[in-house]
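Everything on this sheet refers to the single structure shown next.
The values are calculated or read from the model by the stated rules, or taken from the named source; none is laboratory data. None of these values were measured; they are calculated from a predicted model. Here the Cβ positions follow ideal geometry from the backbone for every residue, glycine too, while neighbour counts run over all protein chains shown. Surface areas here come from the heavy atoms of the whole protein model, side chains and all, with no ligands, DNA or RNA. Shrake-Rupley method; radii C 1.70, N 1.55, O 1.52, S 1.80 Å.
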Amino acid sequence: MAATAASRLLRRALTPAVARRRFSTAAVAAEAPPSPLPSATGEEEAGMVSMKGVRISGRPLYLDMQATTPVDPRVLDAMLPFYLSRFGNPHSRTHLYGWESESAVETARASVAALVAADPKEIFFTSGATESNNISVKGLMRFHRARKRHVITTQTEHKCVLDSCRHLQQEGLDVTYLPVRPDGLVDLGHLADAIRPDTGLVSVMAVNNEIGVVQPLEEIGRICREKGVVFHTDAAQALGKIPIDVEKLGIGLMSLSGHKIYGPKGVGALYVRRRPRVRIEPQMNGGGQERGIRSGTVPTPLVVGMGAACEIAMKEMDYDSCRISTLQERLLNGIRAKLDGVVVNGSLEHRYPGNLNLSFAYVEGESLLMGLKEVAVSSGSACTSASLEPSYVLRALGVDEDMAHTSIRFGIGRFTTEAEIDKAIELTVRQVEKLREMSPLYEMVKEGIDIKSIQWAQH
């Protein structure tokens, strides 16, 4: 009773008044306490936010859901008791504090397993999808290094999968990086042809983090099963957003993330098939927690949060998907109604609707991003957004370098409102029109000149 009262008081103290009334990310952010960081002038002006040289009135509306999602208040409710009163180590076996934490961890494990139609014994908690990907790719190939020396992946995978594969190449293993079609999907014929007798792993991302395309997982799983190869998928962007059945899809290893499904940051999970058993070598040594796969104290509050997020997603996935699809159509149609030269990157048919990656012709992407200060969007993966190079994912699709430079990824989520979408349309259209007014290339196109036919002189 005391714990419940304490958690209620803490939650009330931490939550802005508007968030207790309704949960729109923009509305909550607008009422958030002012940043403690000083403004460029050393003084905080009323309603102004200043950081990294950017000054805007109020906090921007949030449309970067592929980078991270806000924690669902119901998830926070589930987590708070395990910070305040039920703080025991789940590996302490001699008293109540440890027992109740262990019970909470196992309940969360069952919730994660239920969302992907797995056995709870096949779910192992990690620090996130990056760690799960490293364990999957390196752990499986190192365990079978005597017989299996070849890995197949795609050119559009997340950096942590690509870097893990490069690490294996440095150890003497072979890696095939399959190209993708212009719509972002893998060619199943090329995949089947690339499998060799010594191929140990095929790793293909379920939903791409930059362009949102959904790969044909069932067909890939069938090919891998027929060839006797383990199929690993990075499902960080898929969990809770598209239906996943590990048995039906033929998945052997799967990486999951908590903060992409309105759960906390710092926690993820790894699915490892039991029958037929998939063997992997642990990449971290220690106390043997998580049945030796991932040593280290399991963070009970984070795990409980991920479990609660999965439980909510299981109940609300269909509703969220329908609503987000409607918002995506509203955003795309609203922009296209007012602007020409707008291209959707990746397949529109085989796509998670919450990810809309657009390129705007005759506009420089960095200038567009800087002009959209009132909308939190990105030009691609958060892990590579500091780079000025065009997205390697878009280049793999065959997108021209100038168009790849102009891409903006809009991420729509559970708490996105129609008002936010309408505001994003207004601001995006205004900024693109402003930049095109300054573009001599756009003027030439309007005059009917074919830019690609021009022979540019070098000086």
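With Kirkwood's inverse mean 1/r over C-alpha pairs for Rh, give me the Rg to Rh ratio of segment 72-199, two decimals please.
1.12
Applying a 10 Å radius around every beta-carbon, put 190-203, 238-251, 164-177 in order of their mean neighbour count, most first.
Per-residue mean Cβ counts within 10 Å order the peptides as 238-251, 190-203, 164-177.
Take every Cα pair under 8 Å in segment 337-378 that's 6+ residues apart, average their separations, divide by the length, and report that relative contact order as a whole percent.
The value is 35 percent.
In the chain, carbon and sulfur make up what percent of the accessible area (probe 1.4 Å)?
53 percent
Among 58-68, 423-433, what's the highest-first ranking by average C-beta atoms within 10 angstrom per residue?
58-68, 423-433
Quick one: if the Förster radius is 35 Å, what FRET efficiency do residue 163 and residue 275 give, using the C-beta to C-beta distance and rounding to 0.05?
Result of the calculation: an efficiency of 0.65.
Kindly provide the helix-only [θ] at 222 nm of the chain, computed as the sum of -39,500 (n - 2.57) over DSSP H runs of four or more divided by all residues, to the nearest 500 deg cm²/dmol?
After summing the helix terms and dividing by the residues of the chain, the value is -11500 deg cm²/dmol.
State the label only: which of (i) 1.23; (ii) 0.99; (iii) 1.06 corresponds to Rg/Rh (Cα atoms, Kirkwood Rh) computed from the shown model?
Of the listed options (i) 1.23; (ii) 0.99; (iii) 1.06, (ii) comes from this structure.
Counting pairs of alpha carbon atoms under 8 Å apart in space and at least six apart in sequence, what relative contact order in percent does the chain give?
So the answer I get is 19 percent.
Peptides 366-375, 413-422: what's the order by average Cβ count within 10 Å, highest mean first?
413-422, 366-375
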